[in-house]
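S.K.: Please see the structure below; I have some questions.
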Amino acid sequence: MTQLGLPDDIQACLFDLDGVVTKTAVVHAAAWKETFDAFLRSQGGEQARPFDAVADYDEYVDGRPRADGVRAFLDSRGIRLPEGTPDDPPDALTVHGLGNRKNELLLAKIRTGGVEAYEGTLRYLAAVRTEGLRTAIVSSSANCRDVLRSVGAEHYFDVRIDGVVAAERNLPGKPHPDTFLAAARDLGVEPSRAAVFEDALAGMDAGRAGGFGYVVGVDRVGQTDALYAHGASVVVEDLAELEDER
């Protein structure tokens, strides 16, 4: 293992954003809960049961593109909505309308409370860059660049594959491995020589499906066993632990 706590043959590191680099996962969960709870109340009956910001968030929406998260959660409640279009207003009763409502709430929460980065991750990113490994940010968020800039972290990454780039290239989101594979390709590195850093179960599935050389699970919410079950090579609570364990 290297001084970074990675196998010796790893040449690149591919990082998720929310929950790995920035402390925005809890803000996403709150925005999803507010969005879905208002919608579910309008449905009545058993379907009105509130969205669980831990269990439902982890299972159905964490790490997925916005519309995929809407579909997955509504499917779990047996609810079908028209697809709509990405330009739907946030009050439209469509998959994209709900997704846009969530994004509207998310941006409002970020503007109000700001965004913080995990200091352990920033230190680890600096060490990765010092060691000469190539880096990419891989996120389903269409707000990825703005969030990175808000915490002064954009310069840590050679490549950005986010919700905007994925839409331009028609890449399916996590749990499919395509966004991570695109990042490795853009960096000129074989997947077997790249490490994935993820906190979401969908991201673990993507790392395993893509044949990546090492998959680091970042456990911020007490789901170590689930991260291992979904393909993690190792699980840490903070990336600083990887250097401590070398």
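Bear in mind that the values in this text are calculations on the coordinates, not laboratory data. This structure is a prediction, so every number in the text was calculated from the model and none was measured. Every residue, glycine as well, gets a Cβ built from its backbone with ideal geometry; the counts of neighbours run over all protein chains shown.
S.K.: Working only with C-alpha atoms, what are the Rg and Dmax values of segment 175-246, expressed in angstrom?
M.R.: 11.8, 35
S.K.: So how far apart, in nm, are the two label points at Arg220 and Asp9 if each is 7 Å from Cα heading toward Cβ?
M.R.: The answer from the label model is 3.2 nm.
S.K.: Here is a further query. Quick one: Debye curve from the alpha-carbon atoms of segment 1-122 only, equal weights, vacuum; give me log10 I(q)/I(0) at q = 0.14, 0.21 Å⁻¹ to two decimals.
M.R.: Each listed q maps to, in turn, -0.65, -1.18.
S.K.: For segment 18-71, what's the radius of gyration and Dmax over Cα atoms, in angstrom?
M.R.: 11.5, 39
S.K.: What distance in nm separates the two pseudo spin-label positions at Ala209 and Asp87, each 7 Å out from Cα along the beta-carbon direction?
M.R.: 3.0 nm
S.K.: Right, another one. Students often check this: by mean Cβ neighbours within 10 Å, which of 115-125, 221-231 ranks highest, and how do the rest follow? Write out the running numbers ahead of the final one.
M.R.: Numbers: 115-125: 18.8, 221-231: 16.4.
By packing density, highest mean first, the sequence is 115-125, 221-231.
S.K.: What value, in deg cm²/dmol to 500, does the helix sum -39500 (n - 2.57) over DSSP H runs of n ≥ 4 give at 222 nm once divided by the residues of the chain?
M.R.: On the way: 10 runs with 105 residues, N = 246.
Helix contribution divided over all residues of the chain: -12500 deg cm²/dmol.
S.K.: Within the chain, count lysine pairs with alpha carbon atoms under 18 angstrom apart where the residues are 8 or more positions apart or belong to different chains.
M.R.: Working: Lys23/Lys33; Lys23/Lys102; Lys23/Lys109; Lys33/Lys102; Lys33/Lys109.
Summing the qualifying lysine pairs gives 5.
S.K.: On a 0 to 90 degree scale, rounded to 10, what angle separates helix 25-43 from the longest Cα axis of the chain?
M.R.: So the inclination is approximately 20 degrees.
S.K.: Follow-up. What percent of all Cα-Cα pairs in the chain falls into each 10 Å bin, going from 0 up to the bin containing the maximum distance?
M.R.: P(r) over the chain, rounded to whole percents: 8, 33, 36, 17, 5, 0.
S.K.: Now for a different question. Simple spin-label model, 7 Å along Cα-to-Cβ: Ser42 to Glu59 in nm?
M.R.: Going by the 7 Å Cα→Cβ label model, 2.4 nm.
S.K.: From the phi angles alone, apply the Karplus equation (6.51, -1.76, 1.60; θ = phi - 60°) to segment 106-121 and give each ³J(HN,Hα) in whole Hz, x where the residue is Gly or Pro.
M.R.: With coefficients 6.51, -1.76 and 1.60, one gets 4, 5, 5, 5, 5, 5, 6, x, x, 10, 10, 9, 6, 4, x, 5 Hz.
S.K.: List residues of segment 178-198, by number, whose backbone nitrogen lies under 19 Å from a label position 7 Å along Cα→C-beta of Glu168.
M.R.: 178-188
S.K.: As I understand it, the value is the acute angle between the Cα axis of helix 66-76 and the longest principal axis of the Cα atoms of the chain; what does it come to in degrees, rounded to 10?
M.R.: Once rounded, one gets 60 degrees.
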